[in-house]
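The values are calculated or read from the model by the stated rules, or taken from the named source; none is laboratory data. Computed from a predicted model, the values in this text were never measured in an experiment. Using ideal geometry, Cβ is built from the backbone for each residue, glycine included, and neighbour counts are taken over all protein chains shown. We work out accessible area using only protein heavy atoms, side chains counted, and drop any ligands, DNA or RNA first. Shrake-Rupley method; radii C 1.70, N 1.55, O 1.52, S 1.80 Å.
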Amino acid sequence: MADHNEIITEALGELTKRTLEYLPVAELLLDTRNPRLVTSGTPTQDKLMRLLYETESLDELAASFADNGYFAEEPLVVVPSDSGWVVVEGNRRLTTLKILLSSTSRADLGIKDWPELTPAQRSSLELVPCVKYEKREDVFPFLGFRHITGPKKWAPFQRARFIAQLIDDGKDLNEIEDLVGDTGQTVKKLYQDYVVFEQVKKDLDLPERPIRERFSLLEVTLGQRSIKAFLNIPRRLPVERVDALVPDDHLDQLEEVVTWVFGSDEKPPVISDSRAITNRLAPVLSSETATSYLRKTGDLEAAYEFSDGEKAYLLKRIQSAERALRDVASLISIYRSDGDVVAGVARLTQVVEGLSAVVDAE
């Protein structure tokens, strides 16, 4: 694998040595393959613009462009298409520019508080600096370094989706690791997570949005050896393209895990944060007894008590009861005439005698 610093130097060097060209904003196209955007089918430019406006924070960017113009130090990266130049890096900036320059777009989006451009401001923003690449594949090293392992990382789902797109384009995982300078198996882990996510979409009737928005929880979940064993996922990370990682006969278990972690339309998740996955859910799923209890009750904390087996659970409870009684033993003499205390001790005596009868029974 190429040295990480070499990847960075080559990617940035290739970008900086290219000549800037100023292109009309009106002729630039938003990228329908943008990993940050989840759409169905082939979205129109208007749909992409609306989606970016609704999901990204563009207000400050609009104010900055109006006040300061467009900085040449942040050129858009474009590749040719049959319809014009597609922006593969800088879609937030392009969307902001298009909306600023179009009163129709602002009206369609219901924007009333963005600045109105003066003729001079408009003139300065109608042409923007761009770096041209001959084809999308030539930009992969720069995008991969910048957003997978570099300084401006995308969110986990976006990174995983980008890797899956590269796989669909015919690249193998080792090649992608070299492209992005990955030395920690990040690419393979993200690809594993995305394949499982696609299985949830395709095979299970569960909402996908919570998984996309909290994709890091899926990363943590599939990083636990006991959970991978519960799902019958190979321990080794994938080394080539795969269509599925969870076997068909374990899709029910996949539905259980996803519901426990993310919830469903009918049930809330049983975890409160990622630590509950590693400290509670993973130990529970390593034990058949604890897993069975979780299925019956939905109580993760109680199920964890069974994770070492029923005998260990019983002994823990006996020890807890013993400690509780010892803690209050010194107070009994003070309240020995109190009716409530006397009744409580009588109930405890009955419980202990009942337990002793069970133990002594042949």
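Gain on full extension, evaluated as 0.36 nm per residue between Asn279 and Arg323 minus their Cα-Cα distance, stands at 13.4 nm.
A Gaussian network model of the chain, with springs between Cα atoms under 10 Å, assigns the largest mean-square fluctuation among Arg235, Arg326, Arg159 to Arg326. Calculate how steeply helix 45-55 sits against the longest principal axis of the alpha-carbon atoms of the chain, using the helix alpha-carbon long axis, and give the answer as 0 to 90 degrees to the nearest 10. Tilt of helix 45-55: around 40 degrees.
Of the beta bridges in the chain, as assigned by DSSP with both residues counted there, near 65 percent are antiparallel.
When the convex hull of the C-alpha atoms of segment 226-284 is computed, what volume per residue in Å³ does it have? Please list the in-between numbers first.
Details: hull volume 6.2 nm³, N = 59.
Enclosed volume per residue, from the Cα hull, is 105 Å³.
Two decimals is fine: what's Rg over Rh for segment 127-251, C-alpha atoms, Kirkwood radius as Rh? Can you show the working numbers first?
On the way: Rg = 15.6 Å, Rh = 15.5 Å.
On the Cα set of segment 127-251, Rg over Rh gives 1.01.
How large is the helix-only mean residue ellipticity at 222 nm for the chain, computed as the sum of -39500 (n - 2.57) over DSSP H runs with n ≥ 4, divided by its residue count, in deg cm²/dmol to the nearest 500? Spell out each step's value before the answer.
Values: 19 runs with 198 residues, N = 362.
Per the formula, -16500 deg cm²/dmol.
In plain terms, the bigger the Kirkwood radius, the slower the diffusion; for segment 238-324, with that radius from Cα pairs, at 4 °C and 1.567 mPa s, Stokes-Einstein puts D at 90 µm²/s. Computed with every protein chain present, the accessible area of Val128 is close to 0 Å² [probe 1.4 Å]. Compared with the dominant principal axis of the Cα atoms in the chain, helix 59-68 is inclined by about 30°.
When +1 charges are put on Lys and Arg Cβ atoms and -1 charges on Asp and Glu Cβ atoms, the dipole computed for the chain relative to its Cα centre reaches about 460 debye.
When the Kirkwood radius is taken over all Cα pairs of the chain, what Stokes-Einstein diffusion coefficient follows at 20 °C and 1.002 mPa s, in µm²/s?
In µm²/s, the coefficient rounds to 86.
Compared with the dominant Cα axis of the chain, that is its longest principal axis, helix 251-262 is turned about 90°. With N as its number of residues, segment 282-362 has a Cα radius of gyration that, divided by 2.2 N^0.38 Å, comes to 1.45.
For segment 16-110, the solvent-accessible area of protein heavy atoms averages 50 Å² per residue (probe radius 1.4 Å; ligands and nucleic acids excluded). Surface composition of the chain: carbon and sulfur atoms hold 48% of the protein heavy-atom accessible area at a 1.4 Å probe. Calculated accessible area for segment 182-315 comes out at 54 Å² per residue, all protein chains present (probe 1.4 Å; ligands, DNA, RNA ignored).
Figure note: Asp46, Asp169 ranked by solvent-accessible area, largest first, 1.4 Å probe, ligands and nucleic acids not counted: Asp46, Asp169.
Taking amide hydrogens as placed 1.01 Å from N in the peptide plane, the amide H of Leu28 sits under 5 Å from that of no residue at least 5 positions away in sequence or on another chain.
Descending by average beta-carbon neighbour count within 10 Å, the peptides 117-124, 347-354 line up as 117-124, 347-354, the highest first.
For segment 75-81, 3J(HN,Hα) computed residue by residue from phi via the Karplus equation (6.51, -1.76, 1.60; θ = phi - 60°) reads x, 6, 10, 10, 10, x, 9 Hz, glycine and proline entered as x.
Phi-derived couplings, Karplus 6.51 cos²θ - 1.76 cosθ + 1.60 at θ = phi - 60°, listed residue by residue for segment 92-97: 5, 5, 5, 4, 4, 5 Hz, with x used for Gly and Pro. Ordered by solvent-accessible area of protein heavy atoms (1.4 Å probe), largest first, the residues Lys316, Lys311 come out as Lys311, Lys316. In the elastic network of the chain, a GNM with C-alpha springs shorter than 10 Å, the most mobile of Gly181, Gly90, Gly170 is Gly170.
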